[in-house]
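*Asks:* Below: one structure in structure tokens.
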Number of protein chains: 2
Amino acid sequence: MKVVIVGGVAGGMSAATRLRRLSEDTEIVVLDKGPYVSFANCGLPYYLSGEISDRNDLIVESPEQLNQRFRIDVRPNTEVTDINPAKHQVTVNHDGSQDTLDYDKLILSPGSKAVIPEITGLSKANNVFTLRNIPDVDKIMNRLESHPATAAVIGAGSIGVEAVENLTNRGIKTTLIEAGDHVLPFLDFEMAGIVEKELAEHKVDVKLNTRVKQINNDQLTLSDDTVVSADIVILAVGVRPDTSLIQKVGIKTGDRGGIIVDDHYQTSEQDIYAVGDAILVKDLITNQLVSIPLASPANRQGRQVADVIMGINRRNKGGIGTAIVRTFDLGAAATGLNAKQLQSTGIDFMTVHTTNSSHAGYFPGGTPLSLKVMFDSKTGQLYGAQAVGKNSVDKRIDVLAVAIKSKMKITNLPEFELSYAPPFGSAKDPVNMIGYAGENLLEGLSENIQFDQVDEAVRNGDYLIDVRTPEELSRDGRLPNAVNIPLDSLRDHLNTIPKDKQIIVSCRSGQRSYIAERILKNDGFNVKNLDGAFLTYSAAYPERIIH
Amino acid sequence: MKVVIVGGVAGGMSAATRLRRLSEDTEIVVLDKGPYVSFANCGLPYYLSGEISDRNDLIVESPEQLNQRFRIDVRPNTEVTDINPAKHQVTVNHDGSQDTLDYDKLILSPGSKAVIPEITGLSKANNVFTLRNIPDVDKIMNRLESHPATAAVIGAGSIGVEAVENLTNRGIKTTLIEAGDHVLPFLDFEMAGIVEKELAEHKVDVKLNTRVKQINNDQLTLSDDTVVSADIVILAVGVRPDTSLIQKVGIKTGDRGGIIVDDHYQTSEQDIYAVGDAILVKDLITNQLVSIPLASPANRQGRQVADVIMGINRRNKGGIGTAIVRTFDLGAAATGLNAKQLQSTGIDFMTVHTTNSSHAGYFPGGTPLSLKVMFDSKTGQLYGAQAVGKNSVDKRIDVLAVAIKSKMKITNLPEFELSYAPPFGSAKDPVNMIGYAGENLLEGLSENIQFDQVDEAVRNGDYLIDVRTPEELSRDGRLPNAVNIPLDSLRDHLNTIPKDKQIIVSCRSGQRSYIAERILKNDGFNVKNLDGAFLTYSAAYPERIIH
């Protein structure tokens, strides 16, 4: 059997090596239009600052190594220019000369390509780069040798934010320009606010709700007509499946050109399979076909398609998508659906925010960990989670990713037996704690109101009580229109609180205000807890805090 | 309603505060025989070195704070001397005066106490301490002020190892004496070997298979008649439920005095409940009643018993037990059953060891992470996992703890969508990787042999091939009786390998030898992979490696 694989990075190379482990006598050919296969896609931004200092580290395996160990015929700089499913043949172009290759099975793993936005002057600019592969990085590094003082990154997705961090760490004054209202679109608005604060503290100029209209040498004209100077510009507005040829030859594609495959990775054409960034997969929560262009699923899919081809019973079970990005000292991560995505499904869901120490409060080194979890208002099924903080963000989001993918409920989280010793966690781990908080909502012991609803509620007559201490208020700032009654004197002030109004309670993180909510509820008041309290509200609206 | 709670630390205080949040009008009395409630039990060892530098940090909440915020009547230094279930009454002793208290509901959360081994001279020694509470720590700190040069810790469980670390960090030359054949009994022998190496590298003298026969001032005579000098001795040979009174009044107990409770934490006596270290809980894998004396379950149980008493439908779902300990730069953790426990159940299980980098190999700062997973040979159900390494041990064990508690299978692990960016993980996370390795075993693509079986197998005629490079062999050492054929030249040496023998392949971590296994199997050889390869074997038997 002869298997031809198009694309030699995550999905393609995982398929190739698994095929060889399953069979010594299969002929395996890997074609890649680029000069490098099996390179560390996700490491590229870190080479810009020198955090990854050796360019060789970006190349995981060479064609020679792959041939020696796996007898894989790896052909870089070889672009597939035509596919003939009827003849089981592909046409390739290598150094300008055409050739045809027969295949018994064809695996397409073309990946995705950078989206190029419409900006006047872009095609003439010589200081604008994408950041998708090693030739891109080589060009950027070449430009960086002339020691640019300023940079602009267009697009605040993962690659954009990583580029910003690494350019800044190189000492370059960087502007981040994002068309949406927050950075890192996998996060929701208020969680992204924590990241935006971190960017600002590192002197990054973040321009939200802003587009670039024109590029003229080192001058960028923005949608608000301000001009930003940037000696180097990184374009990172997103990616889309690199499937123009695949579409041209009639292989069925869907949303934004993503290849449609069945559970066994077979495309609309027999003996042609596809994996990786370029395919659509079933979202396990919505059951819709979506694009999840991440390295981990690509690797899994590559391995699985090899199994399928060799007759092992394996199928693509769909995905939830888990993303994480480091931004200076912060980690920011999400899994499952975010609020925006959930709202578009029409599902009735509850939301809970907590902020706890990353490990036991009495042990040095703990840092605030902000968590958000969303779950079904009736069944408690978990739909999405987000985490932002300096430590252990990856740990908590991984635990929640397992829970979400396994269709667990908010009521499962308190039962998790997570590791605890003071340097690592808490007797009540933050994941247990958010489970308790969510369970209280689901069971009706607590009700909450979100950061983006409280101002309107207060305008409409609700009575907002902040139960922090006066010292905290003067140190951290006040919520607009809140009455201050510290928690420990709340029971002595019950007669000052209007019985006929909807009460909203807030504190710093939402934990003390939950105690206040219970005291007041047990006394007959109608009470809601401001979810996430001051920390979440002030992350979303730092400008509304009264100092 | 009046609820009396005996024991004011994890379980008892969680019950008390949850009760108050559920009800403003319940009278809540917490009795504790010690001078402090709500103290940071698990933080105590870290105060010895000054890593926790402020003694106040060990006391999470004072009786005054608890009264102010939760209206809980906290009574320290108050020992319960009798319980009368028929009268719903307890007798207490406070400062020498007796008193009786009525209760509607009684919650017992007495915790566990240190086991005191039989050692000649122990009762007369004035330099021997346990490490269970704040008075213990005060006594130890008092002794440390005289700047002892040497210390001995008896017992290499979690508290013993933490005591060793903190005494060593204080500059005291410490001997660790353990009756068993390895440190940290929650780990298996070969995983503990990695911790023992770390202890040795920090100049701790670890004496395994050794007991203390006699203590004579600062001289300890050991079971092998050697004498160790120790200016201070910490006794940490284990704990048992502190239930002598409870047994005396006829409340039903089981193994080692653990209180027997139903799913709703009710003891054999009506209106008497029990939680925490002192109760027996159902092991979710074996369905047997076991003791899991850890802070996390105690906190959960305390909260749940409050729910039960207030009429909320809540039940104890049993546990798997998850433990973690820091030892200098290493974390060591386990969840579910270990090999010894599994062997005693008679369950037929498979074992897989891996060592991968804690995050992407091409990104700086990754460290080796050793994982072990055990699962059912037929169904693949996960039974236990262990992790040892410098980074992210807690993350991986938490993910595995969720999987085990949720009765998942080894084949679920590859499907986990774990967060990946270079600073945090790998496109194929170590948990995915060990899942793939285990799946290969379950599906028969790979067979393995354990570190403790290979020597005998080779003695009986099996043919052991080490596929590392000659450079690795001379740098790291050789396995006894192994033939060296580097992986990348294996296909050229097939004719030198005996067709009629059982072949065993090994490398450094087991990954290359798995490739070798597949090459040889596909060529008709009868092959097993040495599970965990050189790294696991040499962690278990460093003395057998040939340099």
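The values are calculated or read from the model by the stated rules, or taken from the named source; none is laboratory data. Just so it is clear, the structure is predicted and the values come from calculations on it, not from any experiment. Heads up, the Cβs are rebuilt from the backbone with ideal geometry, glycines too, and the neighbour counts pull from every protein chain shown. The area values use the complete protein model at the heavy-atom level, side chains included, leaving out ligands, DNA and RNA. Shrake-Rupley method; radii C 1.70, N 1.55, O 1.52, S 1.80 Å.
*Asks:* Scan region B:453-475 and report the pairs whose first residue is closer than 13 Å to B:ARG512 by Cβ and assigned by TED's automatic domain parsing to the domain that holds B:CYS507 and whose second residue is aromatic (Phe, Trp, Tyr) and surrounded by fewer than 18 Cβ atoms within 10 Å (Cβ to Cβ), with Cβ atoms within less than 7 Å and a gap of 6+ or a chain change.
*Replies:* The qualifying pairs do not exist here.
*Asks:* Can you tell me which residue is least open to solvent (accessible area, probe 1.4 Å) among those in region A:28-57 that are outside any loop (DSSP other than H, G, I, E, B), within 11 Å of chain B (Cβ to nearest Cβ) and under 20 Å from A:THR78 (Cα atoms)?
*Replies:* A:PHE39
*Asks:* Restricting attention to region A:1-27, which residues are in a helix (DSSP H, G or I) and more than 18 Å from A:ILE134 (Cα to Cα)? First the steps, then the outcome.
*Replies:* Going through region A:1-27, the residues in a helix (DSSP H, G or I) turn out to be A:10-22.
Answer for region A:1-27, where residues must be in a helix (DSSP H, G or I) and more than 18 Å from A:ILE134 (Cα to Cα): A:SER14, A:ALA15, A:ALA16, A:THR17, A:ARG18, A:LEU19, A:ARG20, A:ARG21, A:LEU22.
*Asks:* Look at B:GLY276 and say whether it is open to solvent by 30 Å² or more (accessible area, probe 1.4 Å) and at positive phi.
*Replies:* It is false that B:GLY276 is open to solvent by 30 Å² or more (accessible area, probe 1.4 Å) and at positive phi.
*Asks:* Considering region A:226-253 alone, what residues qualify as being part of a strand (DSSP E or B), in contact with a Ser or Thr (Cβ under 9 Å, 6 or more places away or on another chain) and within 30 Å of A:VAL9 (Cα to Cα)?
*Replies:* As a first pass, look at region A:226-253 and keep what is part of a strand (DSSP E or B): A:227-229, A:232-235, A:239-241, A:253.
Add one more test, that the residue is in contact with a Ser or Thr (Cβ under 9 Å, 6 or more places away or on another chain), and what stays is A:227-229, A:232, A:234-235, A:239-241, A:253.
Correct list: A:ILE232, A:ILE234, A:LEU235, A:VAL239, A:ARG240, A:PRO241, A:THR253.
*Asks:* Any chance you could count how many residues in region B:320-355 are polar (S, T, N, Q) and farther than 22 Å from B:GLY380 by Cα?
*Replies:* Going through region B:320-355 one residue at a time, the tally reaches 1.
*Asks:* Tell me, which residue of region A:440-468 that is buried (at least 17 other Cβ atoms within 10 Å of the Cβ) and of a type in the set (Gly, Ala, Ser) is nearest to B:SER23 (Cα to Cα)?
*Replies:* A:SER446
Here is a yes/no grid of residues against (1) open to solvent by 40 Å² or more (accessible area, probe 1.4 Å); (2) out of contact with any Ser or Thr (no Cβ under 6 Å at 6 or more places or on another chain):
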{"position": "A:ASN142", "(1), (2)": "yes, yes"}
{"position": "A:GLY160", "(1), (2)": "no, yes"}
{"position": "A:LEU167", "(1), (2)": "no, no"}
{"position": "A:LYS173", "(1), (2)": "yes, no"}
{"position": "A:LEU176", "(1), (2)": "no, yes"}
{"position": "A:VAL183", "(1), (2)": "no, yes"}
{"position": "A:PHE189", "(1), (2)": "yes, yes"}
{"position": "A:ILE215", "(1), (2)": "no, yes"}
{"position": "A:ASP224", "(1), (2)": "yes, yes"}
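*Asks:* If you go through region B:420-438, how many residues are more than 26 Å from the chain's Cα centre (by Cα) and either more than 10 Å from every other protein chain (Cβ to nearest Cβ) or open to solvent by less than 10 Å² (accessible area, probe 1.4 Å) (or both)?
*Replies:* Matching residues across region B:420-438 total 2.
*Asks:* Would you check if B:SER489 is away from every other protein chain (no Cβ under 14 Å) and among the small types (Gly, Ala, Ser)?
*Replies:* no
Residue-wise test of (1) crowded, with 24+ Cβ neighbours inside 10 Å; (2) more than 9 Å from chain B (Cβ to nearest Cβ).
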site: A:ILE292; (1), (2): no, no
site: A:ALA298; (1), (2): yes, no
site: A:MET310; (1), (2): no, yes
site: A:ARG314; (1), (2): no, yes
site: A:GLY318; (1), (2): no, yes
site: A:ASP329; (1), (2): no, yes
site: A:ASP348; (1), (2): no, yes
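*Asks:* Report yes if A:VAL325 is facing another protein chain (nearest Cβ under 7 Å) and either free of Cβ contacts under 8 Å to residues at least 12 places away in the same chain or open to solvent by less than 10 Å² (accessible area, probe 1.4 Å) (or both), otherwise no.
*Replies:* yes
To keep it simple, each residue is scored yes or no on (1) more than 20 Å from the chain's Cα centre (by Cα); (2) not hydrophobic (A, V, I, L, M, F, W, C).
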| site | (1), (2) |
| --- | --- |
| A:PHE349 | yes, no |
| A:TYR362 | yes, yes |
| A:LYS378 | yes, yes |
| A:LEU382 | no, no |
| A:VAL388 | no, no |
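*Asks:* Please find, among A:ALA298, A:ALA334, A:ALA306, the residue that is outside any helix (DSSP H, G or I) and of a type in the set (Gly, Ala, Ser).
*Replies:* A:ALA334
*Asks:* Where in region B:339-426 are there strands (runs of 3 or more DSSP E), lying wholly inside it, with at least 3 residues that are in contact with a Lys or Arg (Cβ under 9 Å, 6 or more places away or on another chain) and aliphatic (A, V, I, L, M)?
*Replies:* Here the list reads B:382-389.
*Asks:* Take region B:348-380 and flag every residue that is without any contact (Cβ under 8 Å) to a residue 40 or more places away in the chain and closer than 21 Å to B:MET191 by Cβ. Don't jump to the end; show me each part of the working.
*Replies:* Initially, region B:348-380 is screened for residues without any contact (Cβ under 8 Å) to a residue 40 or more places away in the chain, giving B:348-349, B:364, B:366-367, B:374, B:376, B:378-379.
Passing the criteria: B:PHE349, B:GLY366, B:THR367, B:MET374, B:ASP376.
*Asks:* Any idea which of A:GLU517, A:GLU471 is open to solvent by 30 Å² or more (accessible area, probe 1.4 Å) and part of a helix (DSSP H, G or I)? Talk me through it step by step, then tell me what you get.
*Replies:* Numbers: A:GLU517 fails: open to solvent by 30 Å² or more (accessible area, probe 1.4 Å).
Selected residue: A:GLU471, the only one of A:GLU517, A:GLU471 that is open to solvent by 30 Å² or more (accessible area, probe 1.4 Å) and part of a helix (DSSP H, G or I).
*Asks:* Still on this structure, I have one more. Quickly run through region A:386-411 and pick out the residues that are in contact (Cβ under 8 Å) with a residue 24 or more places away in the chain and open to solvent by 10 Å² or more (accessible area, probe 1.4 Å).
*Replies:* Hits for region A:386-411 are A:LYS390, A:ASN391, A:SER392, A:ASP394, A:LYS405, A:LYS407, A:MET408, A:LYS409, A:THR411.
Conditions (1) touching a residue at least 40 places away in the same chain (Cβ under 8 Å); (2) more than 21 Å from the chain's Cα centre (by Cα), marked per residue:
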residue: A:ASP181; (1), (2): no, no
residue: A:ASP188; (1), (2): yes, no
residue: A:GLU196; (1), (2): no, no
residue: A:LYS203; (1), (2): no, yes
residue: A:ASN209; (1), (2): no, no
residue: A:GLN214; (1), (2): yes, yes
residue: A:ALA230; (1), (2): yes, yes
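*Asks:* Another question about this same structure. Report, by residue number, each residue of region B:331-341 that is more than 23 Å from B:LEU176 (Cα to Cα), more than 11 Å from chain A (Cβ to nearest Cβ) and not aliphatic (A, V, I, L, M).
*Replies:* Once the filter is applied, which keeps residues that are more than 23 Å from B:LEU176 (Cα to Cα), more than 11 Å from chain A (Cβ to nearest Cβ) and not aliphatic (A, V, I, L, M), region B:331-341 yields only B:GLN341.
*Asks:* Name the pairs: first residue in region A:64-81 and β-branched (Val, Ile, Thr), second residue open to solvent by 70 Å² or more (accessible area, probe 1.4 Å), Cβ to Cβ under 9 Å, at least 6 apart or on different chains?
*Replies:* Close Cβ pairs (under 9 Å, with a partner that is open to solvent by 70 Å² or more (accessible area, probe 1.4 Å)) amount to A:VAL74/A:GLU64; A:VAL74/A:ASN67; A:THR78/A:LYS33; A:THR78/A:HIS94; A:THR78/A:ASP95; A:THR78/A:ASP99; A:VAL80/A:LYS33; A:THR81/A:GLN98.
*Asks:* Being more than 10 Å from chain B (Cβ to nearest Cβ), surrounded by fewer than 21 Cβ atoms within 10 Å (Cβ to Cβ), within 26 Å of A:THR327 (Cα to Cα) and hydroxyl-bearing (Ser, Thr, Tyr) narrows it down to one of A:SER344, A:SER357, A:SER370, so name that one.
*Replies:* That would be A:SER357, the only listed residue that is more than 10 Å from chain B (Cβ to nearest Cβ), surrounded by fewer than 21 Cβ atoms within 10 Å (Cβ to Cβ), within 26 Å of A:THR327 (Cα to Cα) and hydroxyl-bearing (Ser, Thr, Tyr).
*Asks:* For region B:433-453, give me each residue that is in contact with a Lys or Arg (Cβ under 8 Å, 6 or more places away or on another chain) and under 15 Å from A:ASP307 (Cβ atoms).
*Replies:* Matches in region B:433-453: B:TYR436, B:LEU445, B:SER446.
*Asks:* Would a scan of region A:312-321 turn up a residue that is assigned by TED's automatic domain parsing to the domain that holds A:VAL249 and either touching a Phe, Trp or Tyr at 6+ places or on another chain (Cβ under 9 Å) or small (Gly, Ala, Ser) (or both)?
*Replies:* Looking for residues that are assigned by TED's automatic domain parsing to the domain that holds A:VAL249 and either touching a Phe, Trp or Tyr at 6+ places or on another chain (Cβ under 9 Å) or small (Gly, Ala, Ser) (or both), one finds none in region A:312-321, hence no.
*Asks:* May I ask you to verify whether A:LEU106 is in contact (Cβ under 8 Å) with a residue 60 or more places away in the chain and either under 24 Å from A:ILE309 (Cβ atoms) or open to solvent by 60 Å² or more (accessible area, probe 1.4 Å) (or both)?
*Replies:* Values: in contact (Cβ under 8 Å) with a residue 60 or more places away in the chain: yes; either under 24 Å from A:ILE309 (Cβ atoms) or open to solvent by 60 Å² or more (accessible area, probe 1.4 Å) (or both): yes.
Against the criterion (in contact (Cβ under 8 Å) with a residue 60 or more places away in the chain and either under 24 Å from A:ILE309 (Cβ atoms) or open to solvent by 60 Å² or more (accessible area, probe 1.4 Å) (or both)), A:LEU106 qualifies.
*Asks:* Count, please, the residues in region A:383-407 that happen to be more than 8 Å from chain B (Cβ to nearest Cβ), among the aliphatic types (A, V, I, L, M) and closer than 19 Å to B:LEU413 by Cβ.
*Replies:* Going through region A:383-407 one residue at a time, the tally reaches 2.
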